Amino acid sequence: MTPYRSMTTTALVSALLATTLAGCQFGGQEQDTSPIVIAADLELSGAAAGVGKAYRQALELKIQQLNASGALNGRTIELLPKDNRSDASESLRNIADFSNNPQVTAIIMGGCNECAVGAVRTVDEERIPTVALAAAGAVTSPVAERRYMFKLAPNAPDNAAALTVELRRRNIETVGLLRSDDAYGQEGATALDREFAKVGIEVLARASVRGTDTELDRQAATLTAAEPDALVIWTPPEQAMLATSAVKQAGFDGALLLDASAAGDLFLGSAARATERATLVFTQTMVIDDVIATTPAKAARRQWFQDYTARFGGYHGSASFAADAVQLIADAEMRAGGPAGEVDRDALRDVLETSQMDGLSGPIRLTPDNHSGLMPQALTTLVARNGRWRLQS
(Lines give C-alpha, C1' and ligand atoms only; values in the text may rest on other atoms or scores of the structure.)
Protein backbone atom coordinates (compact mmCIF):
# COMPACT_ATOMS: atom_id res chain seq x y z
CA MET A 1 0.00 0.00 0.00
CA THR A 2 1.38 3.41 -0.95
CA PRO A 3 1.81 6.06 1.76
CA TYR A 4 -0.84 8.18 0.00
CA ARG A 5 -3.43 5.37 0.00
CA SER A 6 -2.61 4.53 3.64
CA MET A 7 -3.09 8.14 4.75
CA THR A 8 -6.33 8.44 2.80
CA THR A 9 -7.74 5.25 4.30
CA THR A 10 -6.82 6.37 7.81
CA ALA A 11 -8.46 9.75 7.26
CA LEU A 12 -11.66 8.15 6.00
CA VAL A 13 -11.84 5.80 8.97
CA SER A 14 -11.23 8.67 11.39
CA ALA A 15 -13.89 10.82 9.73
CA LEU A 16 -16.41 7.98 9.81
CA LEU A 17 -15.72 7.30 13.49
CA ALA A 18 -16.06 10.96 14.40
CA THR A 19 -19.36 11.24 12.55
CA THR A 20 -20.68 8.12 14.24
CA LEU A 21 -19.73 9.34 17.70
CA ALA A 22 -21.12 12.78 17.11
CA GLY A 23 -24.39 11.46 15.77
CA CYS A 24 -25.09 9.02 18.59
CA GLN A 25 -26.31 9.50 22.12
CA PHE A 26 -26.80 6.93 24.86
CA GLY A 27 -28.50 3.88 23.43
CA GLY A 28 -27.14 4.59 19.95
CA GLN A 29 -29.86 7.13 19.03
CA GLU A 30 -29.03 10.04 16.79
CA GLN A 31 -29.38 13.46 18.42
CA ASP A 32 -32.39 15.36 17.08
CA THR A 33 -31.41 18.86 15.97
CA SER A 34 -34.43 19.42 13.72
CA PRO A 35 -36.36 22.67 14.28
CA ILE A 36 -39.65 22.74 16.15
CA VAL A 37 -41.87 24.65 13.75
CA ILE A 38 -44.80 26.40 15.43
CA ALA A 39 -47.34 28.03 13.12
CA ALA A 40 -49.34 31.02 14.36
CA ASP A 41 -52.71 32.22 13.08
CA LEU A 42 -52.98 35.79 14.38
CA GLU A 43 -55.10 38.92 14.06
CA LEU A 44 -52.35 41.14 12.64
CA SER A 45 -54.79 43.42 10.82
CA GLY A 46 -58.49 44.18 11.11
CA ALA A 47 -60.56 44.89 14.20
CA ALA A 48 -58.40 42.91 16.64
CA ALA A 49 -54.98 43.93 15.33
CA GLY A 50 -53.90 45.43 18.65
CA VAL A 51 -54.17 42.15 20.51
CA GLY A 52 -52.72 40.24 17.56
CA LYS A 53 -49.63 42.44 17.57
CA ALA A 54 -49.13 41.78 21.29
CA TYR A 55 -49.40 38.04 20.69
CA ARG A 56 -46.82 38.13 17.92
CA GLN A 57 -44.40 40.16 20.04
CA ALA A 58 -44.79 37.72 22.92
CA LEU A 59 -44.31 34.69 20.67
CA GLU A 60 -41.14 36.10 19.15
CA LEU A 61 -39.68 37.09 22.53
CA LYS A 62 -40.45 33.76 24.19
CA ILE A 63 -39.05 31.78 21.26
CA GLN A 64 -35.88 33.86 21.29
CA GLN A 65 -35.48 33.20 25.01
CA LEU A 66 -36.02 29.45 24.67
CA ASN A 67 -33.63 29.18 21.72
CA ALA A 68 -30.93 30.97 23.71
CA SER A 69 -31.51 28.98 26.90
CA GLY A 70 -30.05 25.64 25.77
CA ALA A 71 -33.08 23.89 27.24
CA LEU A 72 -34.10 22.34 23.92
CA ASN A 73 -31.13 19.92 23.68
CA GLY A 74 -29.70 21.38 20.51
CA ARG A 75 -33.04 22.09 18.85
CA THR A 76 -34.53 25.49 18.08
CA ILE A 77 -38.06 26.78 17.62
CA GLU A 78 -39.08 28.47 14.38
CA LEU A 79 -42.21 30.64 14.15
CA LEU A 80 -44.37 30.55 11.02
CA PRO A 81 -46.95 33.37 11.43
CA LYS A 82 -49.87 34.26 9.15
CA ASP A 83 -52.36 37.11 9.35
CA ASN A 84 -56.01 36.06 9.51
CA ARG A 85 -57.16 39.70 9.17
CA SER A 86 -59.52 39.19 12.13
CA ASP A 87 -61.66 37.09 9.80
CA ALA A 88 -62.78 33.51 10.51
CA SER A 89 -62.74 32.47 6.85
CA GLU A 90 -59.18 33.67 6.35
CA SER A 91 -58.20 31.98 9.59
CA LEU A 92 -59.61 28.65 8.39
CA ARG A 93 -57.56 28.91 5.20
CA ASN A 94 -54.45 29.49 7.30
CA ILE A 95 -55.21 26.45 9.45
CA ALA A 96 -55.63 24.29 6.35
CA ASP A 97 -52.30 25.50 4.95
CA PHE A 98 -50.52 24.83 8.25
CA SER A 99 -52.05 21.37 8.51
CA ASN A 100 -50.78 20.42 5.07
CA ASN A 101 -47.23 21.50 5.91
CA PRO A 102 -45.46 18.37 7.22
CA GLN A 103 -42.83 20.48 8.99
CA VAL A 104 -45.37 22.19 11.26
CA THR A 105 -45.42 20.64 14.72
CA ALA A 106 -48.35 22.57 16.19
CA ILE A 107 -50.45 25.71 15.76
CA ILE A 108 -51.09 28.65 18.06
CA MET A 109 -54.26 30.61 17.31
CA GLY A 110 -54.93 34.17 18.47
CA GLY A 111 -57.80 35.60 20.48
CA CYS A 112 -60.50 35.51 17.79
CA ASN A 113 -63.30 33.37 19.22
CA GLU A 114 -65.07 32.84 15.89
CA CYS A 115 -61.77 31.82 14.29
CA ALA A 116 -60.96 29.21 16.92
CA VAL A 117 -64.48 27.77 17.09
CA GLY A 118 -64.64 27.69 13.30
CA ALA A 119 -61.38 25.75 13.10
CA VAL A 120 -62.14 22.93 15.54
CA ARG A 121 -63.41 20.51 12.89
CA THR A 122 -60.41 21.03 10.61
CA VAL A 123 -57.98 20.79 13.52
CA ASP A 124 -59.42 17.44 14.58
CA GLU A 125 -59.72 16.04 11.07
CA GLU A 126 -56.14 17.00 10.27
CA ARG A 127 -54.95 15.79 13.70
CA ILE A 128 -52.76 18.81 14.36
CA PRO A 129 -52.28 19.97 17.98
CA THR A 130 -53.55 23.53 18.36
CA VAL A 131 -53.44 25.92 21.32
CA ALA A 132 -55.92 28.77 21.00
CA LEU A 133 -55.69 32.01 22.97
CA ALA A 134 -59.42 32.62 22.54
CA ALA A 135 -61.69 32.59 25.59
CA ALA A 136 -64.92 30.96 24.33
CA GLY A 137 -65.75 27.68 26.00
CA ALA A 138 -66.83 26.18 22.67
CA VAL A 139 -63.18 26.21 21.59
CA THR A 140 -62.49 23.13 23.72
CA SER A 141 -65.90 21.80 24.70
CA PRO A 142 -67.08 19.13 24.22
CA VAL A 143 -63.64 17.59 24.49
CA ALA A 144 -64.65 14.40 22.69
CA GLU A 145 -65.10 16.44 19.50
CA ARG A 146 -62.02 18.61 20.07
CA ARG A 147 -59.27 16.16 20.88
CA TYR A 148 -56.54 18.22 19.19
CA MET A 149 -57.73 21.64 20.36
CA PHE A 150 -56.55 23.26 23.59
CA LYS A 151 -56.88 26.80 24.94
CA LEU A 152 -55.18 29.22 27.30
CA ALA A 153 -57.40 32.11 28.35
CA PRO A 154 -59.57 32.96 31.35
CA ASN A 155 -62.83 31.00 31.32
CA ALA A 156 -66.23 32.70 31.40
CA PRO A 157 -67.54 30.86 34.51
CA ASP A 158 -64.37 31.74 36.45
CA ASN A 159 -64.55 35.39 35.37
CA ALA A 160 -68.23 35.61 36.27
CA ALA A 161 -67.62 34.11 39.71
CA ALA A 162 -64.77 36.54 40.44
CA LEU A 163 -66.80 39.56 39.27
CA THR A 164 -69.74 38.49 41.43
CA VAL A 165 -67.53 38.19 44.52
CA GLU A 166 -66.32 41.74 43.93
CA LEU A 167 -69.85 43.07 43.44
CA ARG A 168 -71.03 41.46 46.66
CA ARG A 169 -68.01 42.78 48.52
CA ARG A 170 -69.19 46.27 47.56
CA ASN A 171 -72.83 45.48 48.43
CA ILE A 172 -73.91 46.23 44.87
CA GLU A 173 -77.43 44.99 44.11
CA THR A 174 -78.15 46.21 40.57
CA VAL A 175 -76.02 46.25 37.42
CA GLY A 176 -76.09 47.03 33.73
CA LEU A 177 -74.33 44.64 31.35
CA LEU A 178 -72.48 45.48 28.14
CA ARG A 179 -71.25 42.37 26.35
CA SER A 180 -69.63 41.49 23.06
CA ASP A 181 -72.03 40.41 20.32
CA ASP A 182 -70.51 36.96 19.86
CA ALA A 183 -70.48 33.49 21.36
CA TYR A 184 -68.18 34.52 24.21
CA GLY A 185 -70.39 37.48 25.06
CA GLN A 186 -73.45 35.25 25.24
CA GLU A 187 -71.49 32.73 27.30
CA GLY A 188 -70.54 35.51 29.69
CA ALA A 189 -74.13 36.72 30.05
CA THR A 190 -75.26 33.20 30.87
CA ALA A 191 -72.48 32.72 33.42
CA LEU A 192 -73.18 36.08 35.07
CA ASP A 193 -76.93 35.39 35.27
CA ARG A 194 -76.16 32.08 36.99
CA GLU A 195 -73.84 33.71 39.54
CA PHE A 196 -76.08 36.74 40.10
CA ALA A 197 -79.06 34.48 40.84
CA LYS A 198 -77.13 32.93 43.72
CA VAL A 199 -76.67 36.27 45.50
CA GLY A 200 -79.65 38.33 44.40
CA ILE A 201 -77.98 40.78 41.99
CA GLU A 202 -80.40 42.15 39.39
CA VAL A 203 -79.49 43.12 35.81
CA LEU A 204 -81.49 46.27 35.02
CA ALA A 205 -80.29 46.81 31.45
CA ARG A 206 -78.39 44.95 28.76
CA ALA A 207 -76.62 46.00 25.57
CA SER A 208 -74.21 44.40 23.13
CA VAL A 209 -71.35 45.65 20.96
CA ARG A 210 -69.71 44.32 17.82
CA GLY A 211 -65.95 44.04 17.52
CA THR A 212 -65.94 46.63 14.75
CA ASP A 213 -68.04 49.25 16.60
CA THR A 214 -66.31 52.56 17.27
CA GLU A 215 -69.32 54.55 18.58
CA LEU A 216 -71.03 53.32 21.74
CA ASP A 217 -73.22 56.30 22.63
CA ARG A 218 -76.44 54.34 22.03
CA GLN A 219 -75.40 51.47 24.28
CA ALA A 220 -74.17 53.90 26.94
CA ALA A 221 -77.52 55.72 26.94
CA THR A 222 -79.44 52.46 27.33
CA LEU A 223 -77.34 51.32 30.26
CA THR A 224 -77.11 54.58 32.18
CA ALA A 225 -80.83 55.32 31.80
CA ALA A 226 -81.59 52.30 33.99
CA GLU A 227 -79.51 53.86 36.81
CA PRO A 228 -77.77 50.68 38.00
CA ASP A 229 -75.29 50.69 40.89
CA ALA A 230 -72.57 49.31 38.62
CA LEU A 231 -71.82 48.46 35.01
CA VAL A 232 -70.19 45.19 33.97
CA ILE A 233 -68.25 45.46 30.70
CA TRP A 234 -67.63 42.11 28.98
CA THR A 235 -65.97 43.06 25.68
CA PRO A 236 -62.56 43.06 23.92
CA PRO A 237 -60.08 45.76 25.02
CA GLU A 238 -60.82 48.30 22.29
CA GLN A 239 -64.58 48.31 22.96
CA ALA A 240 -64.03 48.27 26.73
CA MET A 241 -62.05 51.52 26.60
CA LEU A 242 -64.65 53.09 24.29
CA ALA A 243 -67.40 51.97 26.65
CA THR A 244 -65.83 53.47 29.76
CA SER A 245 -65.52 56.83 28.00
CA ALA A 246 -69.05 56.68 26.61
CA VAL A 247 -70.75 55.91 29.93
CA LYS A 248 -68.78 58.61 31.71
CA GLN A 249 -69.84 61.13 29.08
CA ALA A 250 -73.42 59.94 29.61
CA GLY A 251 -73.11 60.90 33.27
CA PHE A 252 -72.63 57.50 34.89
CA ASP A 253 -70.73 57.73 38.18
CA GLY A 254 -71.23 54.22 39.55
CA ALA A 255 -68.76 51.36 39.71
CA LEU A 256 -67.20 49.96 36.53
CA LEU A 257 -66.17 46.29 36.47
CA LEU A 258 -64.44 44.66 33.51
CA ASP A 259 -64.19 41.01 32.48
CA ALA A 260 -60.77 39.51 31.71
CA SER A 261 -61.41 39.75 27.96
CA ALA A 262 -61.20 43.54 28.34
CA ALA A 263 -57.56 43.44 29.44
CA GLY A 264 -55.29 45.36 27.07
CA ASP A 265 -52.34 47.63 27.64
CA LEU A 266 -50.97 48.14 31.14
CA PHE A 267 -50.96 51.91 30.66
CA LEU A 268 -54.40 53.31 29.88
CA GLY A 269 -53.37 56.34 27.84
CA SER A 270 -56.30 58.46 26.65
CA ALA A 271 -58.74 56.25 28.59
CA ALA A 272 -57.04 56.93 31.92
CA ARG A 273 -59.54 59.48 33.17
CA ALA A 274 -62.62 57.45 32.24
CA THR A 275 -61.26 54.23 33.74
CA GLU A 276 -59.96 55.70 37.02
CA ARG A 277 -61.00 53.37 39.87
CA ALA A 278 -62.43 50.78 37.45
CA THR A 279 -61.95 47.13 38.40
CA LEU A 280 -60.59 44.40 36.14
CA VAL A 281 -60.57 40.66 36.79
CA PHE A 282 -57.34 39.32 35.31
CA THR A 283 -54.12 37.46 36.01
CA GLN A 284 -51.50 38.75 38.42
CA THR A 285 -48.83 38.95 35.72
CA MET A 286 -50.44 42.15 34.41
CA VAL A 287 -49.28 43.93 37.59
CA ILE A 288 -46.46 41.66 38.73
CA ASP A 289 -44.30 44.70 39.48
CA ASP A 290 -46.67 45.26 42.43
CA VAL A 291 -46.00 41.75 43.75
CA ILE A 292 -43.12 40.55 45.91
CA ALA A 293 -41.48 37.60 44.13
CA THR A 294 -41.67 35.03 46.95
CA THR A 295 -41.69 31.94 44.71
CA PRO A 296 -39.77 30.84 41.59
CA ALA A 297 -42.99 31.14 39.56
CA LYS A 298 -43.53 34.74 40.65
CA ALA A 299 -39.90 35.54 39.96
CA ALA A 300 -40.28 34.12 36.45
CA ARG A 301 -43.40 36.23 35.86
CA ARG A 302 -41.65 39.36 37.06
CA GLN A 303 -38.67 38.66 34.77
CA TRP A 304 -41.01 38.08 31.81
CA PHE A 305 -42.85 41.34 32.55
CA GLN A 306 -39.54 43.22 32.71
CA ASP A 307 -38.18 41.63 29.52
CA TYR A 308 -41.37 42.34 27.56
CA THR A 309 -41.59 45.92 28.84
CA ALA A 310 -37.92 46.61 28.10
CA ARG A 311 -38.28 45.24 24.56
CA PHE A 312 -41.59 46.82 23.59
CA GLY A 313 -41.93 49.88 25.85
CA GLY A 314 -45.05 48.68 27.67
CA TYR A 315 -46.96 45.57 28.63
CA HIS A 316 -50.09 43.96 27.18
CA GLY A 317 -52.15 41.78 29.47
CA SER A 318 -52.56 38.88 27.05
CA ALA A 319 -48.84 38.53 26.25
CA SER A 320 -48.28 35.85 28.89
CA PHE A 321 -50.86 33.51 27.31
CA ALA A 322 -48.94 33.47 24.04
CA ALA A 323 -45.66 32.82 25.86
CA ASP A 324 -47.22 29.98 27.85
CA ALA A 325 -48.55 28.41 24.64
CA VAL A 326 -45.00 28.27 23.25
CA GLN A 327 -43.70 26.77 26.48
CA LEU A 328 -46.43 24.12 26.55
CA ILE A 329 -45.69 23.03 22.98
CA ALA A 330 -41.91 23.05 23.48
CA ASP A 331 -42.15 21.01 26.70
CA ALA A 332 -44.55 18.54 25.11
CA GLU A 333 -42.33 18.12 22.06
CA MET A 334 -39.28 17.39 24.24
CA ARG A 335 -41.25 14.82 26.22
CA ALA A 336 -42.95 13.22 23.21
CA GLY A 337 -39.65 12.09 21.71
CA GLY A 338 -39.83 10.04 18.53
CA PRO A 339 -37.42 9.49 15.62
CA ALA A 340 -35.03 12.34 14.94
CA GLY A 341 -36.26 14.80 12.36
CA GLU A 342 -39.83 13.48 12.30
CA VAL A 343 -42.94 15.37 13.40
CA ASP A 344 -45.23 13.15 15.50
CA ARG A 345 -48.36 15.21 16.04
CA ASP A 346 -50.27 12.39 17.73
CA ALA A 347 -47.56 11.89 20.34
CA LEU A 348 -47.43 15.65 20.96
CA ARG A 349 -51.20 15.79 21.43
CA ASP A 350 -51.08 12.96 23.96
CA VAL A 351 -48.44 14.77 26.02
CA LEU A 352 -50.23 18.12 25.83
CA GLU A 353 -53.37 16.53 27.20
CA THR A 354 -51.68 15.82 30.53
CA SER A 355 -49.44 18.89 30.76
CA GLN A 356 -49.09 20.87 33.98
CA MET A 357 -46.97 23.90 34.75
CA ASP A 358 -46.83 27.09 36.78
CA GLY A 359 -46.96 29.34 33.75
CA LEU A 360 -46.34 33.02 33.25
CA SER A 361 -50.12 33.48 33.33
CA GLY A 362 -50.60 31.34 36.44
CA PRO A 363 -51.19 27.66 37.20
CA ILE A 364 -52.03 25.64 34.07
CA ARG A 365 -53.47 22.13 34.18
CA LEU A 366 -54.64 20.14 31.15
CA THR A 367 -56.42 16.79 31.44
CA PRO A 368 -58.19 14.39 29.05
CA ASP A 369 -61.49 15.80 30.34
CA ASN A 370 -60.48 19.49 30.31
CA HIS A 371 -58.53 21.10 27.48
CA SER A 372 -58.87 24.62 28.91
CA GLY A 373 -55.77 24.91 31.02
CA LEU A 374 -55.83 28.19 32.99
CA MET A 375 -56.89 27.52 36.58
CA PRO A 376 -59.36 29.80 38.41
CA GLN A 377 -56.65 30.58 40.97
CA ALA A 378 -54.80 32.55 38.29
CA LEU A 379 -57.39 35.34 38.47
CA THR A 380 -57.15 38.30 40.79
CA THR A 381 -58.63 41.80 41.05
CA LEU A 382 -56.90 44.84 39.55
CA VAL A 383 -57.83 48.49 39.81
CA ALA A 384 -57.12 51.42 37.48
CA ARG A 385 -55.14 54.04 39.34
CA ASN A 386 -53.27 57.06 37.96
CA GLY A 387 -53.36 55.88 34.36
CA ARG A 388 -52.41 52.21 34.75
CA TRP A 389 -53.62 48.97 36.23
CA ARG A 390 -52.52 48.15 39.77
CA LEU A 391 -53.06 45.21 42.11
CA GLN A 392 -56.09 45.91 44.28
CA SER A 393 -54.91 46.52 47.82
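What number of residues within the range 100-120 satisfy the criterion of being open to solvent by 10 Å² or more (accessible area, probe 1.4 Å), farther than 24 Å from Pro154 by Cβ and of a type in the set (S, T, N, Q)? Lay out the reasoning, then the answer.
Taking the range 100-120 as the starting set, the residues that turn out to be open to solvent by 10 Å² or more (accessible area, probe 1.4 Å) are 100-103, 111-114, 117-118, 120.
When the remaining residues are screened for being farther than 24 Å from Pro154 by Cβ, the result is 100-103.
Among the residues that remain, those that are also of a type in the set (S, T, N, Q) are: 100-101, 103.
So the count comes out to 3.
Quickly run through the range 53-71 and pick out the residues that are of a type in the set (Gly, Ala, Ser) and within 18 Å of Ala106 (Cα to Cα). Even if it seems obvious, please write down each step before you answer.
Looking only at the range 53-71, we keep the residues that are of a type in the set (Gly, Ala, Ser), and these are 54, 58, 68-71.
Within the range 53-71, Ala58 is the sole residue that qualifies.
Spot the failing condition for Asp324; the list is (1) under 15 Å from Pro154 (Cβ atoms); (2) open to solvent by 40 Å² or more (accessible area, probe 1.4 Å), and only one is missed.
For Asp324, the exception is condition (2).
Going through the range 256-286 one residue at a time, which ones are touching a residue at least 40 places away in the same chain (Cβ under 8 Å), of a type outside the set (Asp, Glu) and open to solvent by 20 Å² or more (accessible area, probe 1.4 Å)?
Correct list: Ser261, Phe267, Gly269, Ala272, Arg277, Gln284.
Would you pick out the residues in the range 302-325 that are touching a Leu at 6+ places or on another chain (Cβ under 6 Å) and under 24 Å from Phe150 (Cα atoms)?
Trp304, Ser320, Phe321, Ala322, Ala323, Asp324, Ala325, listed by residue number.
For the range 161-181, which residues satisfy the criterion of being of a type in the set (A, V, I, L, M) and in contact with a Lys or Arg (Cβ under 7 Å, 6 or more places away or on another chain)? Let's see the steps before the verdict.
Here is the first cut: in the range 161-181, the ones of a type in the set (A, V, I, L, M) are 161-163, 165, 167, 172, 175, 177-178.
Correct list: Leu177 only.
Do any residues in the range 342-353 that are under 22 Å from Ile364 (Cβ atoms) have Cβ atoms under 6 Å from those of residues that are surrounded by fewer than 16 Cβ atoms within 10 Å (Cβ to Cβ), where the two are at least six apart or on different chains, and which pairs are they?
Arg345/Arg127; Ala347/Gly338; Val351/Arg335; Glu353/Pro368
Does the range 121-132 contain at least one residue that is open to solvent by 50 Å² or more (accessible area, probe 1.4 Å), at positive phi and either over 17 Å from the mean Cα position of the chain (by Cα) or among the hydrophobic types (A, V, I, L, M, F, W, C) (or both)?
Yes, the range 121-132 contains a residue that is open to solvent by 50 Å² or more (accessible area, probe 1.4 Å), at positive phi and either over 17 Å from the mean Cα position of the chain (by Cα) or among the hydrophobic types (A, V, I, L, M, F, W, C) (or both).
So in the range 336-393, with the set limited to residues that are in a strand (DSSP E or B) and small (Gly, Ala, Ser), which one is surrounded by the most Cβ atoms within 10 Å (Cβ to Cβ)?
Of everything passing the filter in the range 336-393, Ser372 is surrounded by the most Cβ atoms within 10 Å (Cβ to Cβ).
The values are calculated or read from the model by the stated rules, or taken from the named source; none is laboratory data. Note that the structure is a prediction, hence the values are computed from the model and not measured. Note that we place each Cβ from the backbone using ideal geometry, even for glycine, and neighbour counts take in every protein chain shown. In case anyone asks, the SASA skips ligands and DNA or RNA and just uses the protein heavy atoms, side chains included. Shrake-Rupley method; radii C 1.70, N 1.55, O 1.52, S 1.80 Å.
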